[in-house]
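Below is one structure; the comments refer to it alone.
What follows is calculated from the coordinates using simple rules that are stated; it is not laboratory data. Keep in mind the model is a prediction, meaning the values are calculated, not measured. Quick reminder, even Gly has a Cβ in these numbers, built from the backbone with ideal geometry, and neighbours come from all protein chains shown.
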Amino acid sequence: MNDVALAAGVSLKTVSRVVNGVDYVSADKLHRVTAAIESLGFRRNEFARQLRQGTTATIGLVLEDVADPFSSTLTRAVEEVAMGHNHMLLASSSSEDAARARSLIESLDSRGVGGLIVTPAEGMDAAFLRAQMASGCSLVLVDRPVPGLESDTVLVDNHGGAQTGTDHLLRHGHRRIAFLGDDERVYTAAERLAGYRAALEGAGVGRDDALVIMANPAGDAIGAAIDRVLALADPPTAILSGNNRWSVRVLRHLRDRPRASVPAMVGFDDFELSDVLSPGITVVAQDPAAMGRLAAELLFQRMAGDDSPPQRVQLRTTLIQRGSGERRP
């Protein structure tokens, strides 16, 4: 900045005003400083500015997997809100590992982020997150709550969405409906399983746990597990897939089967190309972009000093009919 001031023939304070966008600089001086910046290739040192101001102008985001379509859409929405507040976003993946999630949160906090948006990994310690908040770190949970922790939380109606998807299959004549979901210890998976069971109970359909698989769809034994369910003496005529990863796994597994032997299907979560398959895949759609925007706005409110009681927001799902869930047994 001293070099710019010397080249422009102005004071260091004038250069500072131009660099920081302060209005009261004459047109002549603004032109001279801008020209000097251009000719010298000056770039403001953001790190030095942040040290001086005591803020990094960044927020952190910790999700299960930033590469997952749901997470990537949510991340982009958070990023747009952050940019609107002149903040940068640092995003990381916990890989559903509580120890890794804790390490990431500690690392982001040590870098001076203004706040954190976190999808808590299974087994995450409420006391640890409470201590982070007590130390002055603003926190918003997204997609899952943490039992025993009072904090802003943005969720989707997992129970109601799964119940809607199952009811849809029941209305089309299905009574043998399989449910394929993540590990039951995961909050969203447990809520969706409960919604599926509630729909069956409401329709007077007996519960058969042989029709349920609760596991990571990327596991090596998943293909064999799907085959066992499909080979039951009274096999399912329909499938409710618990998330988009399960939907893709099932479709790949069934692709070589004769059309007549493929069950009807409703997937929880929309996913890319689901509408161009034949038939298109009927889904219970979430809105991860809305979740990300809302979580980010809540975070910036807390960072601005809002000390009102924590909010727990639950967004609705939408059933999108495309053909796969409308086939009768």
Per-selection metrics, segment 2-44 (Cα): Rg and Dmax in Å: 8.9, 24
Segment 1-149 - Rg (one decimal) and Dmax (whole number), Cα, Å: 20.5, 62
Simple spin-label estimate for residue 232 and residue 34 in nanometres, 7 Å along Cα-Cβ: 7.1
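Taking neighbour counts of Cβ atoms within 10 Å as a proxy for exposure, in what order, fewest first, do 149, 12, 63 appear?
Working: 149 19, 12 12, 63 26.
Placing the least packed residue first, the sequence is 12, 149, 63.
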GNM top mover of 31, 87, 253 - the chain, alpha-carbon springs below 10 Å: 31
Matching label, mean projected area of the Cα convex hull in nm² computed from the structure shown, candidates (1) 21.4; (2) 14.7; (3) 17.5: (1)
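Determine the shape class of segment 158-286: with a ≥ b ≥ c the square roots of the Cα gyration tensor eigenvalues, call it rounded for a/c under 1.5, and otherwise prolate if a/b is greater than b/c, oblate otherwise.
Values: a/c = 1.18, a/b = 1.13, b/c = 1.04.
Rounded is the answer for segment 158-286, as its axis ratio a/c remains below 1.5.
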Choice from 92, 11, 107 with maximal GNM fluctuation in the chain (Cα, 10 Å cutoff): 11
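What does the charge count around residue 63 come to, taking other residues whose C-beta lies under 11 Å from its C-beta (Lys +1, Arg +1, Asp -1, Glu -1)? Working shown, then result.
Numbers: positive: 144; negative: 64, 65, 68, 96, 143.
It works out to a net charge of -4.
May I ask you to sort 320, 117 by Cβ crowding, counting other Cβ atoms within 10 Å and putting the fewest first? Present the calculation step by step, with values, prior to reporting the outcome.
On the way: 320 17, 117 30.
Neighbour counts put them in this order, fewest first: 320, 117.
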Ascending count of other beta-carbon atoms within 10 Å, so fewest first, for 303, 291: 303, 291
5 angstrom amide H check on residue 139, placed H, neighbours 5+ away: 116
Within the chain, longest stretch clear of exposed trypsin sites (Lys or Arg not before Pro) (DSSP loop, no more than 14 other Cβ within 10 Å): 112-184
Most fluctuating residue given options 240, 141, 230, as computed from a GNM of the chain linking Cα atoms under 10 Å: 230
